[in-house]
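Read the structure below first, then the notes.
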Amino acid sequence: MQEGTQKIVVISAVGLRQGGTLTILRDCLRYLSTEAVAGKIKVIALVHSRKLADFPGIEYIEMPNVIKGWSRRLWCEYVTMHHIAKRLPRASLWFSLHDTTPRVTAQRQAVYCQTSFPFYKRSLHDFYFQYKIALFSLFTRFAYRINVHRNRYLVVQQQWFKDGLSKMLHVDKSRFIIAPPQRSLSKVIPESIDLPCYTFLYPAAPDCHKNYQVLCEAARLLEAEVGTGKFKVVITISGTENRYTRWLYKKWGNVPSISFAGYMSKEKLYGYYDAAHCLVFPSKVETWGLPISEFGETGKPMLLADLPYAHETAAGCNAVAFFNPKEPQELKSLMKRALHNDTNIFHRQPEQKLEQPLAKSWQELFDLLLAED
């Protein structure tokens, strides 16, 4: 960011409280904090709670009640934000970090498109087990459209998402910035994990779009062929979290080769990254797919859903194979070959050329967002 007249940046992130979206908020404010402390800009952050992302030099407005329902969230975005903007000094940039574009007064607006659910292919299965996720995928298609043309830029993490949103929203590609997530600089000291046999690992949240069932069924089929004790599939659910995971446990909990390991701390997860032999990632929709990046650094094999997000996230990784996320039989065959050390199924995933404008750091991103036209 260039020296000169101090600019005012408003970060709107009242809905970000956990997971990868909270990481983005923290990383964003961590960078802006250094600029604010240096006196280059003034930063105002609208958040659920300051405790979630507390950094020096930033002025916070806490809005803890917005998360209590979609109606409150919509009212906040399209009514409350408008009034808040009137009370604040005119912002050089109003940057919404969570998909929606509020009606505010600012020299420039931008939105970070964090959820790829508009491209999620819902099923009756999803409505039965987690209807909120199925409805959310419908809601986001609607929410993205509201006021979208007020934005100078839309920020996305991947090329395929840029292409899809540009077509869906009728927004020219020149108004999208691709900003792949940066690797965290924090060092994780992994736990020591001892695995007695070949182990497949799938770390994911307990949500139906994570598609655990295709892996569980593939494990059952593989066990029927090779016997018990030859391999293990470790998944990071306990089978008690919600209706979906209880169904998973009821149907596949008696398969000895499947370990319902439950939630893992970062240290334990990285211990499994070090110890496991192969990552399996069958999720049906992701904005990025962080475990692919994290496990990919080990250089060990990965079996990934044959979907655009996985191809982009795995770019540059050395040992990758793809499968149809609807076909447990196909996944079983790949798992069997991996178990028998058949390396012919794995290939290096080529790097993908990303379109400009491209930002590889928060500094590069804000230089673009604040640059004079």
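The values are calculated or read from the model by the stated rules, or taken from the named source; none is laboratory data. This structure is a prediction, so every number in the text was calculated from the model and none was measured. With ideal geometry, Cβ positions are generated from the backbone for all residues, glycine too; neighbour counts draw on all protein chains shown.
Among the residues of the stretch 323-347, what is the count of those that are modelled with pLDDT of 95 or more and either in contact with a Cys (Cβ under 7 Å, 6 or more places away or on another chain) or of a type in the set (D, E) (or both)?
Qualifying residue count for the region: 3.
Has the stretch 176-185 got at least one residue that is surrounded by 15 or more Cβ atoms within 10 Å (Cβ to Cβ) and part of a helix (DSSP H, G or I)?
no
Given the stretch 233-339, what strands (runs of 3 or more DSSP E) lie entirely inside it while holding 3 or more residues that are under 27 Å from K121 (Cα atoms) and outside the structural domain of L97 (by TED's automatic domain parsing)? Outline the logic, then answer.
Working: elements: 258-260, 278-281, 302-305, 320-323.
The strands (runs of 3 or more DSSP E) meeting that bar are 278-281, 302-305, 320-323.
Under 24 Å from the mean Cα position of the chain (by Cα), farther than 17 Å from W94 by Cα and at pLDDT below 90: which single residue out of G4, G19, G15 fits that description? If you could, list the steps in order and put the result at the bottom.
Working: G4 fails: under 24 Å from the mean Cα position of the chain (by Cα); G15 fails: farther than 17 Å from W94 by Cα.
Being under 24 Å from the mean Cα position of the chain (by Cα), farther than 17 Å from W94 by Cα and at pLDDT below 90 holds for just one of G4, G19, G15, which is G19.
Has the stretch 191-201 got at least one residue that is surrounded by 15 or more Cβ atoms within 10 Å (Cβ to Cβ) and under 17 Å from T287 (Cβ atoms)?
no
Within the stretch 173-191, take every residue that is modelled with pLDDT of 85 or more and in contact with a helix residue (DSSP H, G or I) (Cβ under 7 Å, 6 or more places away or on another chain) and give me the one that is farthest from Q363 (Cα to Cα).
As a first pass, look at the stretch 173-191 and keep what is modelled with pLDDT of 85 or more: 173-181, 189-191.
Narrowing the set further to residues that are in contact with a helix residue (DSSP H, G or I) (Cβ under 7 Å, 6 or more places away or on another chain) leaves 173, 176-179, 189-191.
Details: K173: 21, F176: 17, I177: 13, I178: 14, A179: 11, I189: 28, P190: 30, E191: 34 Å.
Across the stretch 173-191, the extreme among qualifying residues is E191.
What residue, of H98, H83, is at pLDDT below 90, in a helix (DSSP H, G or I), on the phi < 0 side of the Ramachandran plot and in the same structural domain as R17 (by TED's automatic domain parsing)?
Working: H98 fails: in a helix (DSSP H, G or I).
Checking each option against the conditions leaves just H83.
Within the stretch 298-307, identify whether any single residue is touching a Leu at 6+ places or on another chain (Cβ under 8 Å), of a type in the set (V, I, T) and under 28 Å from A179 (Cβ atoms), and answer yes or no.
Checked the stretch 298-307: no residue is touching a Leu at 6+ places or on another chain (Cβ under 8 Å), of a type in the set (V, I, T) and under 28 Å from A179 (Cβ atoms).
Can you list residue pairs whose Cβ atoms sit under 9 Å apart, with the first residue in the stretch 314-337 being touching a residue at least 24 places away in the same chain (Cβ under 8 Å) and the second being of a type in the set (K, R) and part of a helix (DSSP H, G or I)? Count only pairs 6 or more apart in sequence or on different chains.
Close Cβ pairs (under 9 Å, with a partner that is of a type in the set (K, R) and part of a helix (DSSP H, G or I)) amount to A321/R337; P328/R220; K332/R220.
How many residues are among the polar types (S, T, N, Q), surrounded by 12 or more Cβ atoms within 10 Å (Cβ to Cβ) and assigned to a helix (DSSP H, G or I) when one looks only at the stretch 344-373?
Qualifying residue count, the stretch 344-373: 1.
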